[in-house]
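Written below as structure tokens is the structure these notes are about.
A short reminder: the numbers here are calculations on the coordinates, not readings from a lab. Since the structure is predicted, the reported quantities are computational estimates derived from the model, not experimental observations. For neighbour counting, all protein chains shown are included, and Cβ atoms are generated from backbone atoms with ideal geometry for every residue, glycine included.
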Amino acid sequence: MSQEERAPWRSLHEEEVKRYERDVVHYRETRVINALSLLGPQREDPRSPVEPMSAFFYWLLAHHEEYLAQPRALPEAAYRDWNALSEEERAPSVQRLEEEKKRYEREMAHYLANREA
């Protein structure tokens, strides 16, 4: 095929490449927006202190390696194991939660005292 015969096809190809690039950009933008909406409401001020997690998540951070072999079963297995724990076994996670609550209250008091009006 000569260059003259290829010209119409080349221009169609270039248009399709441009359309594809626009679609990819749009997809990436909407994917980020959709992912952010899954996180729930965002904080008004990103400098504000982050609230502590629940005791369950502190326990899960300490024991997550046990569930790495079966990632799809993680939520069900972790909740089942957490619910089966006694109060004594939950105590370290609950203690960490209390420490994090105190930290949050200190940081929030400092934040509220020093934030710009």
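The table for this structure:
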item: For segment 55-114, diffusion coefficient by Stokes-Einstein and Kirkwood Rh (Cα), 20 °C, 1.002 mPa s, µm²/s; result: 164
item: Exposure proxy order (Cβ contacts within 10 Å, fewest to most) of Arg103, Arg19, Arg90; result: Arg19, Arg103, Arg90
item: Rounded to the nearest 20 debye, dipole of segment 55-114 from Cβ charges on Lys, Arg, Asp, Glu; result: 220
item: Ascending count of other beta-carbon atoms within 10 Å, so fewest first, for Trp59, Trp82; result: Trp82, Trp59
